[in-house]
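A.B. asks: One structure, as structure tokens, below. Some questions next.
The values are calculated or read from the model by the stated rules, or taken from the named source; none is laboratory data. Because the structure is predicted, anything quoted here is derived from the model rather than measured. Methodologically, a virtual Cβ is constructed for each residue, glycine included, from the backbone with ideal geometry; neighbour enumeration extends over all protein chains shown.
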Amino acid sequence: MDSNSIQIKRVPLIRLHWFTKLNMKIHQEDPIFRKAQESRKNKINFYFSLASKLARQFRFVLLENGKVAGSLSLEKRKHSFFVYAVGVKKEYRRKGYGSILMKFTEDFTRKKNKKFICFSVLLENMPAVKMYEKLEYHSQGVGLTLIRLLLWKIKTIKQESENSDKISFRKITKLKEIKKLAYFWWAKEIEALAGSDAMHISLEDSILDLDFNPEWPTYEIKTDEKPTGLMIIIPSDFFQTAVLFSDPHITWRTKWFSNLLEFIMKQKIVHLKNVGNKNSSTIKLEKSSILQIFLTHQHKDNIISNFASDVVVHDTTDDRQIFFKKLD
């Protein structure tokens, strides 16, 4: 590859329409882009949403002998640049252009006096994952993924002994408290996987992103009366669905999660009495044979490795993770 034939040039705002269409073509195999283009209405809405985001970012194209081979879009944040879109046209792949764009990003980030680079990557895109790992990027532990638990296949758990974790719930209704606890426990999970740098950049640069609805039943989880996590119940017409953030040092244990499932399964049959404190509540799930849970990838990996394969169902198609790198 002749380095003299490769150029990276800035894209002016006046060419936003062209740049947006270029990115929709480059990333058309990505599940998010593919689903967004299943209908004309969705495609139009997605186009305007994408264009509005790209308009606020630093936009670049990679040229080979004057022809467009790839694109790059960078979003400036407090301590980092978030790689919002990076890709190479299909006919130009396997030439090392992805690495060239990422090294350009690192130089650009240093010039702008930022210390971190972050981006989302589809985990099934193994060539990209291997490239990022070769360039010394690491998983940040931010992405959430979905697992389905086939409750009818879980064998009855023996009665808890005196030394077993005692799990209880406190209902929360204030949105401010819900957000505070969700981000607190999410950050703890990130720190356990990727360290303090990953945790701080996730919080300070708004890498963590989740829509909260105050009407969704939300419970603080307590283990032996100590706060250990947060569970948000998302109403669904099909399967009961929850989002779980928790203390990785306690709740990632197979025994603890088994106790949680036992408690949830009992709620299908039994109404537990309120203890009398208006701030205390028991969780009530609708009757269902399947429980869906959104949780962090590292928590998911732990569950899958410790439960029977016919109990946990997981589709990896849409799995994404935030990768990051701290620059020298």
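A.B. asks: Could you list all residues from the stretch 1-18 that are among the β-branched types (Val, Ile, Thr), modelled with pLDDT of 95 or more and within 17 Å of LEU72 (Cβ to Cβ)? Walk me through how you get there before you give the answer.
C.D. replies: Quick first cut of the stretch 1-18, residues among the β-branched types (Val, Ile, Thr) only: 6, 8, 11, 14.
Pick out the ones that are also modelled with pLDDT of 95 or more and you get 8, 11, 14.
Scanning the stretch 1-18 gives ILE8, VAL11.
A.B. asks: Condition check: farther than 20 Å from ILE117 by Cβ, in contact with a Gly (Cβ under 7 Å, 6 or more places away or on another chain) and not small (Gly, Ala, Ser). Does GLU189 satisfy that? I'd like the intermediate steps shown before the answer.
C.D. replies: Details: farther than 20 Å from ILE117 by Cβ: yes; in contact with a Gly (Cβ under 7 Å, 6 or more places away or on another chain): yes; not small (Gly, Ala, Ser): yes.
Here the answer is yes, as GLU189 does meet what is asked.
A.B. asks: Applying the selection to the stretch 227-251, what residues are small (Gly, Ala, Ser) and either closer than 18 Å to LEU151 by Cβ or surrounded by fewer than 20 Cβ atoms within 10 Å (Cβ to Cβ) (or both)? Before you say what the answer is, go through the steps one by one.
C.D. replies: Start the filter on the stretch 227-251 by keeping residues that are small (Gly, Ala, Ser), which leaves 229, 236, 242, 246.
If the condition is that a residue be small (Gly, Ala, Ser) and either closer than 18 Å to LEU151 by Cβ or surrounded by fewer than 20 Cβ atoms within 10 Å (Cβ to Cβ) (or both), then SER236, ALA242 are the ones that fit.
A.B. asks: Suppose the filter is modelled with pLDDT of 95 or more and in a helix (DSSP H, G or I); does ILE100 pass it?
C.D. replies: yes
A.B. asks: State yes or no: is ASP211 within 20 Å of the chain's Cα centre (by Cα) and of a type in the set (D, E, K, R)? Don't jump to the end; show me each part of the working.
C.D. replies: Details: within 20 Å of the chain's Cα centre (by Cα): yes; of a type in the set (D, E, K, R): yes.
So ASP211 passes the test.
A.B. asks: Report the residue count in the stretch 107-130 for those that are of a type outside the set (Lys, Arg), at pLDDT 95 or above and either surrounded by fewer than 18 Cβ atoms within 10 Å (Cβ to Cβ) or not in a strand (DSSP E or B) (or both).
C.D. replies: 4
A.B. asks: Considering each residue of the stretch 210-252, count those that are farther than 17 Å from LYS176 by Cβ and among the charged types (D, E, K, R), and give that number.
C.D. replies: Number of matching residues: 6.
A.B. asks: Something else about it: Out of GLN7, GLN28, report the one residue that is under 23 Å from the mean Cα position of the chain (by Cα), loosely packed, with under 15 Cβ neighbours inside 10 Å and not acidic (Asp, Glu).
C.D. replies: Values: GLN7 fails: under 23 Å from the mean Cα position of the chain (by Cα).
Just a single option satisfies the conditions, and that option is GLN28.
A.B. asks: Can you tell me which of (1) in contact (Cβ under 8 Å) with a residue 40 or more places away in the chain; (2) closer than 25 Å to HIS297 by Cβ; (3) among the basic types (Lys, Arg) is the one LYS130 doesn't meet?
C.D. replies: (1)
A.B. asks: In the stretch 96-106, how many are touching a strand residue (DSSP E or B) at 6+ places or on another chain (Cβ under 8 Å) and either loosely packed, with under 15 Cβ neighbours inside 10 Å or among the acidic types (Asp, Glu) (or both)? Break it down stepwise before answering.
C.D. replies: Keep residues of the stretch 96-106 that are touching a strand residue (DSSP E or B) at 6+ places or on another chain (Cβ under 8 Å), which gives 97-98, 100-102, 104-106.
Those left that are additionally either loosely packed, with under 15 Cβ neighbours inside 10 Å or among the acidic types (Asp, Glu) (or both): 106.
Qualifying residue count for the region: 1.
A.B. asks: Here's something else I'd like to know. Just the residues that are more than 17 Å from LYS9 (Cα to Cα) and in contact (Cβ under 8 Å) with a residue 60 or more places away in the chain, please, taken from the stretch 91-108.
C.D. replies: Residues satisfying the conditions are LYS95, GLY96.
A.B. asks: Let me ask something else. I need the full set of residues from the stretch 40-72 which are in a loop (DSSP other than H, G, I, E, B) and touching a Ser or Thr at 6+ places or on another chain (Cβ under 7 Å), in order please.
C.D. replies: Kept after step one, since they are in a loop (DSSP other than H, G, I, E, B), are these residues of the stretch 40-72: 55-57, 65-66.
Residues satisfying the conditions are GLN57, ASN65.
A.B. asks: Further question on the same structure: What are the pairs, 6+ residues apart or on separate chains, where a residue within the stretch 57-74 that is surrounded by fewer than 17 Cβ atoms within 10 Å (Cβ to Cβ) has its Cβ under 8 Å from a residue that is at pLDDT below 95 and not in a strand (DSSP E or B)?
C.D. replies: ASN65/SER5
A.B. asks: Looking at (1) closer than 30 Å to ILE290 by Cα; (2) in a helix (DSSP H, G or I), which is the one condition that is false for GLY141?
C.D. replies: With respect to (1) closer than 30 Å to ILE290 by Cα; (2) in a helix (DSSP H, G or I), GLY141 is out only on (2).
A.B. asks: Still on this structure, please answer the following. What are the residue pairs meeting all of these: first residue in the stretch 77-88, first residue under 24 Å from HIS200 (Cβ atoms) and part of a strand (DSSP E or B), second residue modelled with pLDDT of 95 or more and among the hydroxyl-bearing types (Ser, Thr, Tyr), Cβ atoms under 7 Å, and 6 or more apart or on different chains?
C.D. replies: Between residues of the stretch 77-88 that are under 24 Å from HIS200 (Cβ atoms) and part of a strand (DSSP E or B) and residues that are modelled with pLDDT of 95 or more and among the hydroxyl-bearing types (Ser, Thr, Tyr), the close pairs are PHE81/THR105; PHE81/THR109; VAL83/THR105; TYR84/SER73.
A.B. asks: What are the pairs, 6+ residues apart or on separate chains, where a residue within the stretch 184-204 that is crowded, with 17+ Cβ neighbours inside 10 Å has its Cβ under 8 Å from a residue that is acidic (Asp, Glu) and in a helix (DSSP H, G or I)?
C.D. replies: Once the first residue is crowded, with 17+ Cβ neighbours inside 10 Å and sits in the stretch 184-204, its partners that are acidic (Asp, Glu) and in a helix (DSSP H, G or I) give ALA198/GLU191; MET199/GLU191.
A.B. asks: Keeping to the stretch 301-325, report how many residues are polar (S, T, N, Q) and touching a residue at least 60 places away in the same chain (Cβ under 8 Å). Give the derivation first.
C.D. replies: Start the filter on the stretch 301-325 by keeping residues that are polar (S, T, N, Q), which leaves 302, 305-306, 309, 316-317, 321.
Filter again for touching a residue at least 60 places away in the same chain (Cβ under 8 Å), leaving 316-317, 321.
Residues flagged as polar (S, T, N, Q) and touching a residue at least 60 places away in the same chain (Cβ under 8 Å) within the stretch 301-325 amount to 3.
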